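Data block below; observations after.
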Amino acid sequence: MIRINENYAKLQASYLFSEIARRVKAYQEAHPDKRVIRLGIGDVTEPLPAACVEAMHKAVDEMTTRSSFRGYGPEQGYDFLREAIAANDFRARGADIAADEIFVSDGAKCDTANIQELFADKLTIAVPDPVYPVYVDTNVMAGRTGKNAKGRYKGLVYLDGTAENGFVPPVPSVPVDVIYLCFPNNPTGATATRAQLQAWVDYARANKAIILFDAAYEAFIRDPALPHSIYEMDGAREAAIEFRSFSKTAGFTGTRCAYTVVPKTLMGYTKKGEAMALHAMWNRRHTTKFNGVSYPVQRAAEAVYSAEGKAQTRALTDAYLQNAALIRETLAGLGYSVTGGDNSPYIWVNVGKDSWKFFDRLLKRAQVVTTPGAGFGKCGQGYIRISAFNSRENVEEAMKRIRKVLK
Ligand code: PLP
């Protein structure tokens, strides 16, 4: 008999974005003449930077002749990319990370989900609320939670992000083992200061806990006072794993390349209290279950760090940030309280009532798709997330319609 993983039955009926897609489809079928503008799901819309395209073309050409053809590459990623990442994303910012502490992968989504394989079954896990749903759902699938009751899973420690704490939850008063943090944040767009991140690192070290730090939106930070990596904090090499992605930095959502940093000095513990290097464990897992990102895609990712690549990715993220500024100004101008959008592509808007109702109102009256905050957790009720990922033209049109409807 094929017994199933019954933890799947605990998952909430519908994954947030499928429910949005369902409602949008139903609306479009009923109103085929209306043009819907999507500021919902966080997918990029603008094409790849020219430097990446050029590098990928060149790499594809290399695959056409025996002398330069490449088969399986190193599972952890080619040295050319790992070296470029270590030098540019870490050492240039004073963060002490070596190339062989970087594991190149095909996505931060899979990595943030798969990393928990390294940990024991029974652990206390802290997740922010609101939160990127992947952290929660994958722990549910792995059986690390109880049932869902009133929007929260038993056994998880929820870190409330509220207007009062600026959507940067403080360290909990109870000891926890695993902590998910994401800055700049999806969905709230909030960023964490050095002092706030240092407090988390200090907490993790004091409690022998680990921080899983998702920095998928790092490329949108413009405020020079804000940290880009958790490894800019003292002691973070002993406290954190960091996840990065080329998805939003360079428009790679459909191209797929990301990486995870596991410092060699980061330890986990056996039941008896013996220290084990998580780097060696993740290396074992990665080489056993993953066969590397394709050579042309790694060459395209490497090109992000060339002089042209840096200028082009900056222009790309700047353009999205200009959209974000317009969204912020529009909603603030209409009297709504807004967070994010200055160092992140998401704007979190307090709509003061039911998120899904507000979502439906914008869909039906302005034909603009947003994301209901309630889909990100209990603390997201009464908020919507607006994404800046779209063309300038579409964002301008969407703001014009929203102004008309909400005035
Ligand atoms: N982490 C966060 C916080 C995200 O919002 C997303 C995508 O929206 C991801 C990770 C996924 O990144 P990737 O495309 O590399 O899988």
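Okay, residues lined up against (1) touching a Cys at 6+ places or on another chain (Cβ under 8 Å); (2) away from the ligand (no atom under 16 Å from the Cβ); (3) β-branched (Val, Ile, Thr); (4) part of a loop (DSSP other than H, G, I, E, B):
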position	(1), (2), (3), (4)
Phe17	no, no, no, no
Lys25	no, yes, no, no
His57	no, yes, no, no
Thr64	no, yes, yes, yes
Gly73	no, yes, no, yes
Gln76	no, yes, no, yes
Asn88	no, yes, no, no
Asp96	no, yes, no, yes
For Gly251: the one exception among (1) part of a loop (DSSP other than H, G, I, E, B); (2) touching a residue at least 40 places away in the same chain (Cβ under 8 Å); (3) on the phi < 0 side of the Ramachandran plot: (3)
Region 49-97, residues that are farther than 20 Å from Gly254 by Cβ, under 21 Å from the mean Cα position of the chain (by Cα) and not polar (S, T, N, Q): Arg82, Ile85, Ala86, Asp89, Phe90, Arg93, Ala95, Ile97
Hey, Leu212 surrounded by 20 or more Cβ atoms within 10 Å (Cβ to Cβ), under 30 Å from Asp43 (Cα atoms), touching a residue at least 24 places away in the same chain (Cβ under 8 Å) and within 16 Å of the ligand (Cβ to nearest atom) or not: yes
Whichever residue in region 353-407 is part of a strand (DSSP E or B) and of a type outside the set (A, V, I, L, M, F, W, C) and, among such residues, is farthest from Leu39 (Cα to Cα): Tyr383
Any pair with Cβ under 7 angstrom, 6 or more apart, that starts in region 130-151 at a residue that is free of Cβ contacts under 8 Å to residues at least 24 places away in the same chain and within 16 Å of the ligand (Cβ to nearest atom) and ends at one that is of a type outside the set (S, T, N, Q) and assigned to a loop (DSSP other than H, G, I, E, B): none
Pick from region 244-292, criterion among the aliphatic types (A, V, I, L, M) and within 16 Å of the ligand (Cβ to nearest atom), ranking: nearest to Tyr231 (Cα to Cα): Val261
Hits in region 106-119 (condition: more than 8 Å from the ligand (Cβ to nearest atom) and either of a type outside the set (A, V, I, L, M, F, W, C) or free of Cβ contacts under 8 Å to residues at least 60 places away in the same chain (or both)): Ala113, Asn114, Gln116, Glu117
Scan of region 308-332 for residues that are under 14 Å from Leu406 (Cβ atoms) and in contact (Cβ under 8 Å) with a residue 12 or more places away in the chain, ordered by number: Ile327, Thr330, Leu331
The lone exception for Lys25 - which of (1) out of contact with any Lys or Arg (no Cβ under 6 Å at 6 or more places or on another chain); (2) charged (D, E, K, R); (3) touching a residue at least 40 places away in the same chain (Cβ under 8 Å) it fails: (3)
Hey, Phe213 at pLDDT 95 or above and part of a loop (DSSP other than H, G, I, E, B) or not: no
Enumeration of residues in region 144-170 that are at pLDDT 95 or above and of a type in the set (A, V, I, L, M): Leu156, Val157, Leu159, Ala163, Val168
Among (1) farther than 23 Å from Leu123 by Cβ; (2) charged (D, E, K, R); (3) within 14 Å of the ligand (Cβ to nearest atom) - the single one Arg222 does not satisfy: (3)
Flag if Tyr158 is within 16 Å of the ligand (Cβ to nearest atom) and touching a strand residue (DSSP E or B) at 6+ places or on another chain (Cβ under 6 Å): no
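Here's the yes/no breakdown for (1) at positive phi; (2) crowded, with 23+ Cβ neighbours inside 10 Å:
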{"residue": "Phe80", "(1), (2)": "no, no"}
{"residue": "Ile102", "(1), (2)": "no, yes"}
{"residue": "Ser105", "(1), (2)": "no, yes"}
{"residue": "Asp137", "(1), (2)": "no, no"}
{"residue": "Lys150", "(1), (2)": "yes, no"}
{"residue": "Val157", "(1), (2)": "no, no"}
{"residue": "Ala163", "(1), (2)": "no, no"}
{"residue": "Asp177", "(1), (2)": "no, no"}
{"residue": "Asn185", "(1), (2)": "no, yes"}
Tally of residues being surrounded by 15 or more Cβ atoms within 10 Å (Cβ to Cβ) and out of contact with any Pro (no Cβ under 9 Å at 6 or more places or on another chain) across region 326-350: 14
Some residue of region 27-49 being touching a His at 6+ places or on another chain (Cβ under 7 Å), more than 16 Å from the ligand (Cβ to nearest atom) and more than 30 Å from Phe358 (Cα to Cα): no
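The values are calculated or read from the model by the stated rules, or taken from the named source; none is laboratory data. Keep in mind that what you see is a predicted model, and the values were worked out from it rather than measured. FYI the Cβ positions are ideal-geometry reconstructions off the backbone, even for glycines, and counts take in every protein chain you see.
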